[in-house]
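These notes concern the structure reproduced below.
The values are calculated or read from the model by the stated rules, or taken from the named source; none is laboratory data. Not measured: the values here are computed from a predicted model. Because the Cβ atoms are built from the backbone with ideal geometry, glycine has one as well, and the counts that use them run over all protein chains shown.
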Ligand code: MRU
């Protein structure tokens, strides 16, 4: 069990993921600016963990408003909510958590501002617990598709550090390990910010799961050698047609898996789906600072200072490359427009 984030009543306490695996340091976030900075700089990251952090960020935001007039209070809260939503654009869980709090308040405003603050805290705790449970159920569903003695490749980090529970893709892998099904987990290092090397490898080591760290460029040959039975990754936003945005490099892994006839699965809770988007083209892709490409972890420079770099943080894998989407509602199969609509009962 890894403690990624918790509510202390005075603060949102997070494990600073930018320092892993070298240092395990917890930070107490007490202002909205600190929460936004922590999300932007990936001290807390992973779509579901960002959503839960944002929900507690709303408690911190509400506590900072002085007015006792409900209309003024809600107007100020809406401004702070919009700032929070803008912290990172791709993971829909952030917007989902903040909007589910705001919509409830805006539709049925309580009579007193104290009730607004206590209501947000209650809802944030419910979002937190809800994500923990979704992960658990997802892991139970996902374990069914893992063959015995499986070699599994994953990209980025999708475990305890990325959620409020056991994880999405890595949660399935951990559950499969408990069932004695995992022979080897291959963790892509995941340039530029190395979530695979720094975080997935760290989690696998903590959980005593057999794992091998590879550079991103090594995945294809590993598949050609027959070492990968399946790929499982997470997602940051899934459109109504099943197109899935995830960490940059995921699309490349999906293309390689397709070429080598290796099943490619996504594991994500229903809170990661955005049914307002009919296809993946409309998913907003975060572009981050060029220095993340020019340097390794903001320190060691590896490219000339004057060389322009391109740094999209996510890419979109089209539905025809996805063998199935593991959710808490079961494993969705193609055609996704149909199975997703069914899962949401629309
Ligand atoms: O930029 P990050 O580290 O927040 O990106 C995280 C990912 O891409 C994960 O794969 C995704 O959020 C799913 S996490 C359960």
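Brief remarks follow.
- Selected residue [touching a residue at least 24 places away in the same chain (Cβ under 8 Å), assigned to a helix (DSSP H, G or I), over 20 Å from residue 32 (Cα atoms) and in contact with a helix residue (DSSP H, G or I) (Cβ under 6 Å, 6 or more places away or on another chain)] from 156, 135: 135
- Test: residue 88 is in a loop (DSSP other than H, G, I, E, B), surrounded by 14 or more Cβ atoms within 10 Å (Cβ to Cβ) and either assigned by TED's automatic domain parsing to the domain that holds residue 329 or within 16 Å of the ligand (Cβ to nearest atom) (or both): yes
- Restricting attention to region 40-54, the residues that are away from the ligand (no atom under 11 Å from the Cβ) and under 14 Å from residue 167 (Cα atoms) total 1.
- In region 200-250, the residues that are within 16 Å of the ligand (Cβ to nearest atom) and assigned to a helix (DSSP H, G or I): 200, 201, 202, 203, 204, 216, 219, 250
- Residues satisfying the stated conditions in region 242-273, i.e. more than 21 Å from residue 189 (Cα to Cα) and surrounded by 19 or more Cβ atoms within 10 Å (Cβ to Cβ): 242, 243, 269, 271, 272, 273
- Every pair of residues 6+ apart whose Cβ atoms lie under 6 Å, when the first sits in region 285-308 and is surrounded by 15 or more Cβ atoms within 10 Å (Cβ to Cβ) while the second is assigned to a strand (DSSP E or B) and at pLDDT 95 or above: 285/312; 285/314; 295/301
- Looking across region 10-48, the residues that are surrounded by 14 or more Cβ atoms within 10 Å (Cβ to Cβ) and within 18 Å of residue 201 (Cβ to Cβ) come down to 15, 16, 17, 18, 20, 21, 42, 45, 46.
- Residues satisfying the criterion are absent from region 58-80 (criterion: crowded, with 21+ Cβ neighbours inside 10 Å, closer than 19 Å to residue 99 by Cβ and within 16 Å of the ligand (Cβ to nearest atom)).
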